[in-house]
1. Send over the semi-axes of segment A:416-549's equivalent ellipsoid, whole angstrom and largest first, taken as the square roots of 5 times the C-alpha gyration tensor eigenvalues.
2. If you take every residue apart from residue A:241 with its C-beta less than 9 Å away from the C-beta of residue A:241, what net charge results, scoring Lys and Arg +1 and Asp and Glu -1?
3. Please state, to two decimals, what the Cα-based radius of gyration of chain A comes to when divided by 2.2 N^0.38 Å (N = residues).
4. Roughly how tilted is helix A:94-109, in degrees to the nearest 10 and between 0 and 90, from the longest Cα axis of chain A?
5. Among all stretches of chain A without exposed GluC sites (Glu not before Pro) (DSSP loop, at most 11 other Cβ atoms within 10 Å), which one is longest?
6. Loop only by DSSP, 16 or fewer other Cβ within 10 Å of the Cβ. Give me the GluC sites (Glu not before Pro) in segment B:57-100 that pass, ordered by residue number.
7. Please give, to one decimal in nm, the separation of the simple spin-label points placed at residue B:221 and residue A:467, each 7 Å out from Cα toward the Cβ.
8. Return the distance in nm (one decimal) between the two label points of a simple spin-label model at residue A:151 and residue B:39, each offset 7 Å from Cα along Cα→Cβ.
Amino acid sequence: MSDATADAQNEAGKVLAADGTPLKKSLRRALRTQKMRALLLIAPLLIFVVVTFIAPILDMLFRSVENQIVSETLPRTVVELREWDEETGNLPDEAAWEAAYKDIFYAAERKLHTRLGTRLNYEQTGISSLFRKSGRGLDDIGEVYQDQFKDLDKSWDKGEPWASMMGSDAFNDAMSNWKKGDPLPQFEARAGIAEVLPETAAAYDWFARFQLTEEEKSLHKEEPWTLVHWALYKDLKAGDVSGYTGPGAEMLAEADALVDTPDFETIAIQDAFVEFDEDWADVEVWRTIKTYSPPYTSGYFLNAVDMQKSPTGPEMRDEDERIYGLLFKRTLFMSLVITFSCILLAYPVAYLLSNLPMRTANLLMILVLLPFWTSLLVRTSAWKVMLQQQGVINDVLVWLGLVNDADRLVMINNQFGTIVAMTHILLPFMILPMYSVMSTIPPSYVRAAKSLGATNWTTFWRVYFPQSVPGIGAGSILVFILAIGYYITPEIVGGTTGTFISNRIAYHISSSLNWGLAAALGSILLVVVLVLYWLYDRIVGIDNVKLGG
Amino acid sequence: MKLTKTLMATSALTVAAAGAFAAGHGMSDSMTLVSWGGAYQSSQQKAYVEPYIAMNEGVSATWDESSAEAVAKLRAMNEAGNVTWDLVDVVAADAIRLCDEGLALEIDPDEDLAAAPDGTSAEDDFGDLLVSDCFIPQIVYSTTFGYRTDMVPAGMEAPSQICDVFDLEKYPGKRALEKRPINNMEWALLCDGVAKEDVYDVLETEEGQDQALAKLGTIKDSVIWWSAGADTPQLLADGEIFMGSTYNGRLFSVIEEQKQPVGMMWDAQVFDLDGWIIPAGLSDDRLARAKDFVKFATDTQRLADQSKYISYGPARLSSAPLVGQHADLGIEMAPHMPTDPENAKNTFLYNYEFWADYRDDIDAKFQAWLAQ
């Protein structure tokens, strides 16, 4: 069959709309416009939700794996450490120490080293002060060289001779003509200087850019960092500078000669670092830096399930440091208990509400809602007054003689306190969906069952209860999900055995500032809730949940 | 309601900002100060802010009671690139962390702070209390114990030693301790035979940490763990506990203002500092205002004035002789200061460096120990 005949047959089978286009196409177009209109209508809400809700949550969750701070702050060290075999138990080689010196020096100038110290201190205790002390001491290394060069020629300690040697003529002209208030010129290195003095050129380049952009100071006024003097020593020791003929060639040649004299004092980076803090001689410190150098890490997630990284792979933490597994289990268990006690208490109330005459029902409804409008903190603190050992309930029990004054009941600062207070606080979330479902159950069904001879119990259990299940389902989901993330109430009345995982998340967000770990814990909690929701859907069916008639 | 409030606040801000440009002194006309709320914040309001505003007409100050979460919030603001605070009151440990994170501005004490009336430089006047390059000390406070005088067992002397806290036979009854390792671990070691000067060396080791937890374990069942400074005063007032740790100013108000039967036990009190930091990243006019205010608010007289309202010791040496009477109660404040020689016979100074390093590690252990 030829193509032409096939087309003709297709054409013939199509139904056409009034304007001659195929009906399918025309319908699709109409639907598309409708969909677009609908989308446009919800667009403000959608954008609002994405921008203010979904994006921040994703951003927060992303922190649970993000670890760029190490490779950004110590870029050279990280590269050098790749070569280092931490299994041998030897410290890294000289190149790694020098890289660390340069990285930490530059980070300290930008005040970033302590931030990294805080980050790594989560993994190994002591690194925080290690970085803080080292940042303070770093100038001691370069000053050894700076002083000797300065004694040789004062120009080594001044801004202008350095600038004219390291920067291009055009840059130096611009710098000389610069007046306070003008924009500073861009730094441009002298052609060929990087071949003669590679380390110095690199170090000076950092210094120059940092001074011009961050500090906004003239390079002709500012003497270079001590790091630059150390770099100069490295270059003079390693290479030959006789080929250089630009500005300062003379003083450079003198310095070159000085470096080779036996009296020239030098200092090994490693010794200096160990002097700052003996922990630098600890292989563990280097191992930690290496382990946490990749830009993404599973470390926070391991930590969140009581595990840790080790040279041989992830392993469980010591028994006395495990806490998150326990807290996750406790949170789930207590949320379930709270949900069930809410069901037990809410069912009769909701039943009453939906079956009483309007006037009484309204009054009852206000009683249900009243605590709902009271501040959460007030309600929780009220429970404190009620439950504590010198509290209202204990006082009444002692007065009635039911409890001995010496051994009053402990009802707060434990699981019991949390369950009672949270059941009370979450009760309206159970009553309201139950009520809205129960009020739609036609009373005639119950009457019909009774008239057919069913007992009260059978009527309730076989006729009424099944129709109220969607309300229980909706209330349970609401209460359970709210309970699992609660933290103010457990914090106040939970003591040590009644706290939830959210209390630890709050601690890591606001106190320890370990946001990575908090994000990992939060992600796990989110996944747990989603899995439970999925299970719930499989078992009960989400279609059986009703928030209203 | 909320929306109107927000709208009003926004327009007020706009007006304030416009005013600042119009004034043209190069200083902003409004400041947002962050503090702890309660009696402490109102002492700052009376001692610093009211006289400052009286001197600088047209300047307004707003308080934000966020000091407890200041580090986290400041970090979030900094990441969002919109720092709305001008001056933040934090404890020294937080100031050190903010400085470490680059969230607080470094200050030059001799340039940014006022010299003492006798000409002593600010650096010497504050002395060792300048624990961080970013920290402007304000007060010395202490964490110490209060006990119910009416619950002391008959025929027994009132508790006067830190180790009485651990002695359930001599002084039965519940205790309240803070729900964190800091201070508790030190006290436990002290009462387990460790010499004061060795406490931190011992606490650095695993065995030392276990030893401290074991000592705390002897009273674990009788301890209510608090997390807010107001908890212990409430527990004491209700007779829930026999003794508990809290900040000395809280105990002062329970004893002197509320007249509860509570006594102070100053032994082994732990000194800590509270002060200001200037957030990094302020615009020039706001920074100028913040610096101007803080120079005024931390001068010798102002720090001494604050002790009229609350029993915390001024951080300047030169302020100590100026400490007078309480503004409302009319009692001499000097004997209620944690730094009073009578009270400071045996003291501890919060070891910032140690806890900056070990806080996360020991806290994990401590919380796991609590949860078991």
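The values are calculated or read from the model by the stated rules, or taken from the named source; none is laboratory data. A quick note: this is a predicted structure, and the numbers were derived from the prediction, not measured. For neighbour counting, all protein chains shown are included, and Cβ atoms are generated from backbone atoms with ideal geometry for every residue, glycine included. Heads up: the accessible areas ignore ligands, DNA and RNA and are worked out on the full protein's heavy atoms, side chains in. Shrake-Rupley method; radii C 1.70, N 1.55, O 1.52, S 1.80 Å.
1. Listed largest to smallest, the semi-axes of segment A:416-549 are 39, 17, 11 Å.
2. Computed value for this residue: -3.
3. 1.52
4. 70 degrees
5. A:266-549
6. B:57, B:65
7. Here the answer is 5.5 nm between the modelled labels.
8. Going from the residue A:151 label point to the residue B:39 one covers 6.2 nm.
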